[in-house]
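Notes follow the structure.
Only the coordinates and a few stated rules stand behind these numbers; no lab work does. Everything numeric here is computed off the predicted structure, so don't read it as measured data. In this analysis, Cβ positions are derived from the backbone assuming ideal geometry, glycine residues included, and neighbour counts consider all displayed protein chains.
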Amino acid sequence: PLLAGVADAVRWRILAGLSDEPRCVCVIQDDVEISASLLSYHLKQLREAGLVEATRRGKWIDYTLADDAHARLAAALPTALPDAGG
């Protein structure tokens, strides 16, 4: 589920945009240029994967990377590629 959460190009762009600081959903939407409903779907997938956290600020929601997102992604990736030559 974790790697499936980042296997989509839109979700990867969302995560890359959150690497510096929390961002309002309106700013994220400007960055990825998709409909609000599609953005909502992708953010839900990232929340369910535990990669982003949401905080309500009035009528807006700010998103940030989860504290352990980098470590969890690094741990989920293989440390070496299999030998294809055999």
Filter the range 1-47 down to residues that are within 15 Å of Ala76 (Cβ to Cβ) and of a type in the set (D, E, K, R), then give me how many there are. 1
Any chance Ala54 is out of contact with any helix residue (DSSP H, G or I) (no Cβ under 6 Å at 6 or more places or on another chain) and among the aliphatic types (A, V, I, L, M): yes
